[in-house]
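Taking it in order: structure first as structure tokens, then the write-up.
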Amino acid sequence: MSGPSDYQPSNPALQWIERRLPILGLMHSSFVAYPTPRNLNYWWTFGAILSFMLGMQILTGVILAMHYTPHADLAFKSVELIVRDVNYGWLLRNMHAVGASMFFVAVYVHMFRGLYYGSYKEPREVLWILGVIIYLLMMATGFMGYVLPWGQMSFWGATVITNLFSAIPYVGESVVTLLWGGYSVGNPTLNRFFSLHYLLPFLIAGVVVLHVWALHVAGQNNPDGVEPKTEKDTVPFTPHATIKDMFGVACFMLLYAWFIFYMPNYLGDADNYIPANPGVTPPHIVPEWYYLPFYAILRSIPNKLAGVIAMFGAIIILCFLPWLDAAKTKSSKYRPLAKQFFWIFVVVCILLGYLGAQPPEGIYVVAGRVLTVCYFAYFLIVLPLLSRIEKPRPVPNSISDAVLAKTGSRSTPMVSTAIMLALAGSLFAGSIDSAKASEGSDTPPGNKWSFSGPFGKFDRGALQRGLKVYKEVCSSCHGLSYIAFRNLAEAGGPGYSVAQAAAFASEYKVKDGPNDAGDMFERAGRPADYFPSPFPNEQAARAANGGAAPPDLSLITKARSYKRGFPWFIIDFFSQYQEQGPDYVAAVLQGYEDKAPEGVTIPEGSYFNKYFPGHAIKMPKPLSDGQVTFDDGSPATVAQYAKDVTTFLMWTAEPHMEARKRLGFQVFVFLILFAGLMYFTKKKVWASSH
Amino acid sequence: MNPDASTIAAGAPIEVDLSPVAEGQDIKVFWRGKPIYISHRTKKQIDEARAVNVASLPDPQSDEARVKSGHEQWLVVIGICTHLGCIPIAHEGSYDGFFCPCHGSQYDSSGRIRQGPAPANLPVPPYQFVSDTKIQIG
């Protein structure tokens, strides 16, 4: 992208085009002949990884938008229908939702790399500022995307974030009304967020073009921070950087696929599987993990306006970085003090992220304030001061000198890359396990589930018995509105035949109509019908159950969780533990005690449950021994009922779980082979360049 | 991008019948998508709200200025925390008023901020008494 190209295609048709629009020359000079410093390490592959992620997000997003309905009453359901009914909809949704997190993982690595190696310094100031703009656009896009599923966290996240603007003096309230398009977060808000969420990625793509343009004018920085002087210092972009980037992308995809196929909900919040309710605030409103450090800064300042200014300031300050750090030496490799402060800064950011997920009380508030001061001190005191007092080590004369000096003592950047990635990902990510069921209750005991782990499958017998328990017990109060009778005959389900599912459906009466006379009528159920709900609406359900509406059970095992806490959330990342929801549901079903223990008072009309948050549950003990008889001779005990019905409800929450894990294994086999192939190709290509 | 005509029309005033709300109880109604708490305050709650030294409050306002005279037992406030817009829970916290579960702001029995990060009192929506047991909000 810098200057005219001397590239001449050999094909006459291409020559014809090239004379009129030199696009091939542009591509050739930007991505083929472009000289790239030969000492780049793997941290430099994150640019390619980010481009890949942007492409992935746009591709999956465009297809998801074809099936999504941006309406406050329909959005939540339409997302569930994408996951359940659209071909590979579960895959698209997981790729898009996990992709957002992976995009931020990559952008944070990319930014910290720039910080460490001084990539923002002269002549790359504009390049850096364009990057900060991309980051801001990403944050806006990510936030609006999180609103679209219209779950509880979507709604309340939107409320909290849009209210930030009400802190602006004089015009704040009108700005917020403008954002909402109403008097509160509602349907107009969802509509405009959908429109903007579709628009912003293309703006990002535009700024990325500018970012790459600026990069190719100024040239890439490199780990030694000395500009290339002779041809010996560089290698052509293709094949050297291309193949190295492909290997980097392949490794990154392994992490991406780990989340997509084995822990798609690890990075999300259980509360977002509860449809948005403007009348109930979740106990902890936690933003997505990638905003947590800034959320912590916001909350650590007791004044509302000052908090908002500090939060935005924490990002805007990055724009001034090229002038705050005036040190001539670029790379921290040669700056002994800057190197240490850099790592302290990384730890400060991670700790701020951890605090952002904690309730704002006691020690967390104090720690948040200290770390906020540290964050700003790094930019405003440490960096300006270091550039005056630090005595850097001598930098090599040229890149080729640095490479020659290094060949003796080669470090293993790949290993450190992998370790850092895993660490950063798991640390940031896990701190936000939902605290839905964490207060005033015992931790549910773990169970052995047939569906856990990478090869988990549903136990068909348990699914069939669980369906029987649901039908004979739960269904008198709880709906199962996302499950159709046809689902019972689908692969990965309870294993009924199509005829059996049709017979099962015909036992139900379904309301249909209006007929030609304009009347509603009842008819026998068909496979395409959904399980009828026991109450016509939420108000009726509430009125019939002492003020507490029994929740729909379709998603219950995903919508309930309990806090795992440190260090469990890190271990869970490796052990693929995803069964908080089922463990909690099974525990609540068995957690009833006839008498509340000393000191616990249970209000009239409630029952004591060991595992329910706050212990006072409105649902009376639902299961007792001998209530349901099983045909297969399984014991008629509460423990057996609880386990079976929970297995069944795990299936209703994710009917395609078996397909997900099966495809996951195939993808892993492919990715490992692909990454290996790329690695050896890369070695071959680079053999003469080291 | 301001609210469209139908949204504005849906935000017209509403009437609420207060007769079923017993002393010490409160109800939540929605107006313009916002929850409005209507509390039938007890004598104790009123006395507590009036015993406070107004000048010592973060957002000084007397209880008399926040209710309609002659209807002191009725407190009508918009139930949206002035910090970041969560919905406070009625009858919780140390001030016999409202407690916001998000960031821990506490409001007293007059809906005034007493503790926590919120900068202002719970706002009182425009309303008037149509009769002794009926109010019009808006």
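The values are calculated or read from the model by the stated rules, or taken from the named source; none is laboratory data. Just so it is clear, the model here is predicted, and its values are computed rather than measured. All Cβ positions, even for glycine, are placed from backbone atoms using ideal geometry, and neighbour counts span all protein chains on display. We work out accessible area using only protein heavy atoms, side chains counted, and drop any ligands, DNA or RNA first. Shrake-Rupley method; radii C 1.70, N 1.55, O 1.52, S 1.80 Å.
So which residues in region A:465-494 are within 33 Å of the chain's Cα centre (by Cα) and polar (S, T, N, Q)?
Residues satisfying the conditions are A:481, A:487.
Which condition breaks for residue A:181 when tested against (1) more than 14 Å from chain B (Cβ to nearest Cβ); (2) open to solvent by less than 40 Å² (accessible area, probe 1.4 Å); (3) farther than 25 Å from residue A:292 by Cβ?
(1)
Are any residues in region A:584-624 in contact with a His (Cβ under 7 Å, 6 or more places away or on another chain) and either under 27 Å from residue A:466 (Cβ atoms) or open to solvent by 60 Å² or more (accessible area, probe 1.4 Å) (or both), and if so, which ones?
Within region A:584-624, A:608, A:609 qualify.
Give, as residue ranges, the strands (runs of 3 or more DSSP E) completely inside region B:1-67 that count at least 3 residues that are open to solvent by 70 Å² or more (accessible area, probe 1.4 Å) and within 14 Å of chain A (Cβ to nearest Cβ).
Filter on region B:1-67 gives an empty set.
Of all residues in region A:613-646, which are among the acidic types (Asp, Glu) and more than 15 Å from residue A:461 (Cβ to Cβ)?
Matches in region A:613-646: A:625 only.
Is there a residue in region A:317-340 that is away from every other protein chain (no Cβ under 13 Å), more than 13 Å from residue A:153 (Cα to Cα), touching a Cys at 6+ places or on another chain (Cβ under 8 Å) and not hydrophobic (A, V, I, L, M, F, W, C)?
Taking every residue of region A:317-340 in turn, none turns out to be away from every other protein chain (no Cβ under 13 Å), more than 13 Å from residue A:153 (Cα to Cα), touching a Cys at 6+ places or on another chain (Cβ under 8 Å) and not hydrophobic (A, V, I, L, M, F, W, C).
Find the residue count for region B:109-138, including only residues that are out of contact with any strand residue (DSSP E or B) (no Cβ under 7 Å at 6 or more places or on another chain), over 20 Å from residue B:23 (Cα atoms) and modelled with pLDDT under 90.
3
I need the full set of residues from region B:79-89 which are buried (at least 20 other Cβ atoms within 10 Å of the Cβ) and either of a type in the set (A, V, I, L, M) or not in a loop (DSSP other than H, G, I, E, B) (or both), in order please.
B:80, B:84, B:87
Pick from region A:651-675 the residues that are of a type outside the set (D, E, K, R) and part of a loop (DSSP other than H, G, I, E, B): which of them is surrounded by the most Cβ atoms within 10 Å (Cβ to Cβ)?
Result: A:655.
Within region A:267-303, which residues are within 13 Å of chain B (Cβ to nearest Cβ) and open to solvent by 30 Å² or more (accessible area, probe 1.4 Å)?
Passing the criteria: A:277, A:278, A:280, A:283, A:284, A:299, A:301, A:302, A:303.
Looking at (1) out of contact with any Leu (no Cβ under 7 Å at 6 or more places or on another chain); (2) open to solvent by less than 50 Å² (accessible area, probe 1.4 Å), find the lone condition where residue A:501 falls short.
(1)
Suppose we filter B:111, B:97, B:93, B:116 for residues that are on the phi > 0 side of the Ramachandran plot, in contact with a Gly (Cβ under 8 Å, 6 or more places away or on another chain) and more than 13 Å from chain A (Cβ to nearest Cβ); which single one remains?
Testing whether each residue is on the phi > 0 side of the Ramachandran plot, in contact with a Gly (Cβ under 8 Å, 6 or more places away or on another chain) and more than 13 Å from chain A (Cβ to nearest Cβ) leaves just B:111.
Sort out which residues of region A:59-76 are closer than 26 Å to residue A:186 by Cα, open to solvent by 40 Å² or more (accessible area, probe 1.4 Å) and assigned to a helix (DSSP H, G or I), and write them in order of number.
Within region A:59-76, A:62, A:63, A:66, A:67 qualify.
Go through (1) surrounded by fewer than 17 Cβ atoms within 10 Å (Cβ to Cβ); (2) part of a helix (DSSP H, G or I) for residue A:365 and report which single condition fails.
So the condition that residue A:365 fails would be (1).
Pick from region A:133-174 the residues that are touching an Asp or Glu at 6+ places or on another chain (Cβ under 7 Å) and assigned to a helix (DSSP H, G or I): which of them is most open to solvent (accessible area, probe 1.4 Å)?
Within region A:133-174, the match that is most open to solvent (accessible area, probe 1.4 Å) is A:146.
Quick one: which of A:104, A:112 is closer than 30 Å to residue A:224 by Cβ, open to solvent by 40 Å² or more (accessible area, probe 1.4 Å) and in contact (Cβ under 8 Å) with a residue 12 or more places away in the chain?
A:112
This table checks each residue for (1) aliphatic (A, V, I, L, M); (2) more than 8 Å from every other protein chain (Cβ to nearest Cβ); (3) more than 13 Å from residue A:141 (Cα to Cα).
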{"position": "A:159", "(1), (2), (3)": "no, no, yes"}
{"position": "A:174", "(1), (2), (3)": "no, yes, yes"}
{"position": "A:188", "(1), (2), (3)": "no, no, yes"}
{"position": "A:191", "(1), (2), (3)": "no, yes, yes"}
{"position": "A:197", "(1), (2), (3)": "no, yes, no"}
{"position": "A:207", "(1), (2), (3)": "yes, yes, yes"}
